Amino acid sequence: MGDVAMSVPVIRALVSQYPDLRITVVTRGFFSPFFRGIKNVAIFEVDLKTKYKGVFGLYKLYKELNVLRFDAVADIHNVLRTKILKLFFTGKRVVQIDKGREEKKALVSGKKFEQLKTTHERYADVFKKLGFPVDLSNPIFPEKIRLDSQLQTFISNSSLPVIGIAPFAAFKGKMYPLKQMKLVINQLSKEHNIVLFGGGSKEILQLNQIEFQIPNTKSIAGKLTLDEELDIISNLDVMLAMDSGNAHMAAMLGVKVITIWGVTHPFAGFNPFNQPKDYALLADTNKYPEVPTSVYGNKHPEGYEISAGSVSVEIVTQKVKSLISKR
C-alpha cells in the first residue's frame, strides 16, 4: 500500500507536466481510489491470486495489456512478477526502477549512514529514463473533500482541529508502544478531534476500545471504504503515523504528516512525500545504536522492538501541537 501511495504524487506531477501523456496504472483494484481525479490516468485492475496467478496468469495479463498498444513500460516495482512480464514485452521499451538494494544493505549493516535517494526520486528516475524528467519541487495536491453527513459523524467537535492517528504498522519494530500512544491520544483529545486509522480484526477491536475510553475520539477502522477514508484524511490538520501506508496516504493528499520511527530510518528513502525532516521523530540511537536494523522493519536485535518508545510522549504531543498552531 505504501509503495503505491508514494507513486501518486509522482504520477500526478508527470501528467501535469506532460499533459499529452496517457498513463495506465496496473495495480490491485483496491488501490484505484488513490488515483482518483488525476487526468489522463486509467487503472487496469489485476487480481494476482486468481485470474493472473502464476506464469500463465502473467502471460494472460501481458496479452490483455498488449491490446492497449502502449509505447513504453515504467516498472516502478521491480519484483519477480514484473521481471517475468518484462520478458513478454519484446519490442517495447521497458525501464525498471533501481531500488538501490546494495546501498540499503550498507545502510542497515552500519557501513554507511547517510540519506539515500528517496523512493519518490527513484520513481521519477524511471520516467526520466523514458524521456520525461519530472520536477517534484512544486507539488500539486487535490482539493479537500467536503464531507457528507455520514462522514461528518466521525468528527466529534467541528470547532476543533482534526488529528488523524494511525498507531499500527506491518511489524512491531516500527510501532510506537500502544500504551504510550494512548497517553498521546488522551492528551491531544482535550483540545482536538482524534480520528483513528487501522485495519484487521485485532486492530479494529483495540481502536474501538480507545474510542470508548477517550472523549473526542473516533475510530474509522473497518467502518468505511477506502474512498471514504481518503475523504476523511483530506480533512485532517495533521496525521500522526508510523513508517506505514497511512503516512503515505496522507502525504499524497498534501496533509502534514508526523512519523514515529523505530528500527527503520528515513535515510532508507521512505519518508512521506514533501514532509520536512523534522517531522520524523526518530528512536534514540544512544539506546539503540544499531538503528536502522532493516529497511522494512522485519529484522532487529532482541529488545529493539520497543525502540520507537524512546521518543517520549511529551515530544510527540508537542510536535503535533506545534503543527496545529501553524494552521
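Values quoted throughout were computed directly from the atomic coordinates according to the rules given, and no laboratory measurement underlies them. Note that this is a predicted model, so its numbers are computed, not measured.
I'd like the orientation of helix 201-213 relative to the chain: the angle between its Cα long axis and the longest Cα principal axis, in ° from 0 to 90, rounded to 10.
For 201-213 against the chain, the angle is about 30 degrees.
When the Karplus curve 6.51 cos²θ - 1.76 cosθ + 1.60 is applied with θ = phi - 60°, which whole-Hz ³J(HN,Hα) does each residue of segment 156-171 get, with x for Gly and Pro?
4, 9, 5, 8, 9, x, 10, 10, x, 10, 10, x, 10, 8, 5, 10
Answer rounded, prolate or oblate for segment 47-156, using the Cα gyration tensor with square roots of eigenvalues a ≥ b ≥ c: rounded when a/c is under 1.5, else prolate when a/b is larger than b/c, else oblate. Can you show the working numbers first?
Numbers: a/c = 1.67, a/b = 1.14, b/c = 1.46.
The shape class here is oblate.
Looking at this model, which pairs from Lys104/Lys174; Lys174/Lys223; Lys53/Lys86; Lys182/Lys202; Lys144/Lys174 are more than 19 angstrom apart at the alpha-carbon?
Lys174/Lys223; Lys144/Lys174
Please turn the phi angles of segment 225-239 into ³J(HN,Hα) values with the Karplus equation 6.51 cos²θ - 1.76 cosθ + 1.60 (θ = phi - 60°), one per residue in order, whole Hz, x for glycine and proline.
6, 5, 4, 5, 4, 5, 4, 5, 4, 5, 9, 6, 7, 8, 10
Near the amide H of Val73, under 5 Å away, which other amide H atoms are found, from residues 5 or more places off or on another chain, if H is placed in the peptide plane?
Counting only residues 5 or more places away or on other chains, the set is Arg93, Val94, Val95.
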